[in-house]
Amino acid sequence: MPTKKSQQIDENLLAERLAKFTPGPLVQDTQHSKVKNEIEIPAVEEGENVIDLAKTNYLNILDNEDIKKRCEATICKYGVGTCGPRAFYGTTDVHLELEELIAKFFGMQESIVYSYGFIAISSSIAAYCKKSDVVFTSSNCNVAIQQGLQMARSKVVYFDHQEPETFAVEVEKLVAQETKSKKKARKFLIVEGVSWKTGKILPLPAFLKIAEDNKIRVFLEESYSIGVLGDKGLGLMEYFDIDSWRLDMIIATLEAAIGSIGGFCAGSHKTIEHQRLSGSGYIFSASLPTFLVQACIESINLLNSKPHHKLNILSEKFHYMLLELGYQVESDPLCPFKVFSVKTKDDNERRTTTIAIHKYCKQNKLHFILNDDSLVINLNVELSANTQKYDQIESILKRALKESLAV
């Protein structure tokens, strides 16, 4: 007797059931055409009296119509996404062009582009640093660096981002331990050029001297200094006139001044090629969509016209304006994002006052970021030519401080 699995399908019965099958529509209410506001997530829409200083758009790249047109042309040629990792079918000639451009821009032998800035930082750290290694980093390093160190499981030693002396002390301790135990570990210095937490610039020459004297490899994270610092916008390396060969690797996102998505690492041929086989974020992630790659190319080429020079002037002007109004500014005068708060008796009062300032500004249609213990404003170079908007921002901040302190 044939089993149930081996029985022949009754073709007539199958045809009868298929004829009776009436599936529901995959999309409900197909007659209703949705408007833009029904589809998009609600966001701050800038206008004559609405100012958005929360988004990162330092060089006004997001509003550059020429770059948008080049991206549209790229979509027409390549489509929206590659739908595959770089090592399979996710690499186009545009990806290779960007990698070559970045390497040339920083004076490095080679570069590698990731599809997401966070992954570029965390994955590249995990590709090199291992459990037996020692990594020196600042106590308030960004989340991407923290994630990379967690994946690497290396021994982590912390120092103060602004005090190379604290770094020297920790290095001396480790060297003494190694001398006593006669066991040496590979050592890395992984540090931000501009701190994401404070907006302060790293005194790189002093840190480099200590690292070189103790044979420590140096990875410099330049997300907030590229396109901002230096005559050509090369970042901290150019700002302090440091040769590129003194750094083992430059790591950064393409999501700050460059105004796109993704991240990259630049270094020697040997250093970068290692990531193509060991960088998990590179191997297992779909590649950066080609039109976003084109946006990066256009943005880097735009730096030749040195728009960041105007941004630097604006940053310094805004910095001293905040000080004159009575705010306490933590970030460097040249930093394009301003980290500031108010002087109060204690932390609780400062927190209450900063919340009140943020609320007042939001009610008056000036939008920026409220952190746990500070306020953050992301500047836009467009403000340097728009004196009316600049004066409006100054007026609102002045009234906000006065109102909050009067409560």
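On the given criteria, is Val44 under 30 Å from Ala256 (Cβ atoms), open to solvent by less than 90 Å² (accessible area, probe 1.4 Å) and modelled with pLDDT under 85? Yes: the conditions hold for Val44.
So if I check each of Ala356, Ala406, which one is over 24 Å from Leu59 (Cα atoms) and open to solvent by 60 Å² or more (accessible area, probe 1.4 Å)? Just a single option satisfies the conditions, and that option is Ala406. Go through the residues of segment 241-249 one by one and say whether even a single one is in contact with a helix residue (DSSP H, G or I) (Cβ under 8 Å, 6 or more places away or on another chain), open to solvent by less than 10 Å² (accessible area, probe 1.4 Å) and in contact (Cβ under 8 Å) with a residue 40 or more places away in the chain. The answer is yes, given that some residue of segment 241-249 is in contact with a helix residue (DSSP H, G or I) (Cβ under 8 Å, 6 or more places away or on another chain), open to solvent by less than 10 Å² (accessible area, probe 1.4 Å) and in contact (Cβ under 8 Å) with a residue 40 or more places away in the chain. Annotation note: Cβ proximity below 9 Å between a residue of segment 373-399 that is open to solvent by less than 50 Å² (accessible area, probe 1.4 Å) and a residue that is of a type in the set (Gly, Ala, Ser) and not in a loop (DSSP other than H, G, I, E, B) (sequence gap 6+ or interchain) occurs for Ser374/Ser341; Leu375/Ser341; Leu379/Ser315; Tyr390/Ser384. For Thr344, the conditions (1) buried (at least 18 other Cβ atoms within 10 Å of the Cβ); (2) β-branched (Val, Ile, Thr); (3) not in a helix (DSSP H, G or I) all hold with the exception of (1). Would you say Lys270 is within 29 Å of Ala295 (Cβ to Cβ) and charged (D, E, K, R)? Considered against the rule, which asks whether it is within 29 Å of Ala295 (Cβ to Cβ) and charged (D, E, K, R), Lys270 comes out as no. Only a single item in (1) within 20 Å of Val376 (Cα to Cα); (2) at pLDDT 95 or above; (3) open to solvent by 80 Å² or more (accessible area, probe 1.4 Å) is not met by Leu59, and it is number (3).
No other residue among Gly199, Gly230, Gly235 is open to solvent by 10 Å² or more (accessible area, probe 1.4 Å) and either in the same structural domain as Val134 (by the TED database) or on the phi < 0 side of the Ramachandran plot (or both) apart from Gly230.
The values are calculated or read from the model by the stated rules, or taken from the named source; none is laboratory data. Quantities reported herein were computed from a predicted structural model and do not represent experimental measurements. Positions of Cβ are backbone-derived with ideal geometry, glycine not excepted, and every protein chain shown enters the neighbour counts. Heads up: the accessible areas ignore ligands, DNA and RNA and are worked out on the full protein's heavy atoms, side chains in. Shrake-Rupley method; radii C 1.70, N 1.55, O 1.52, S 1.80 Å.
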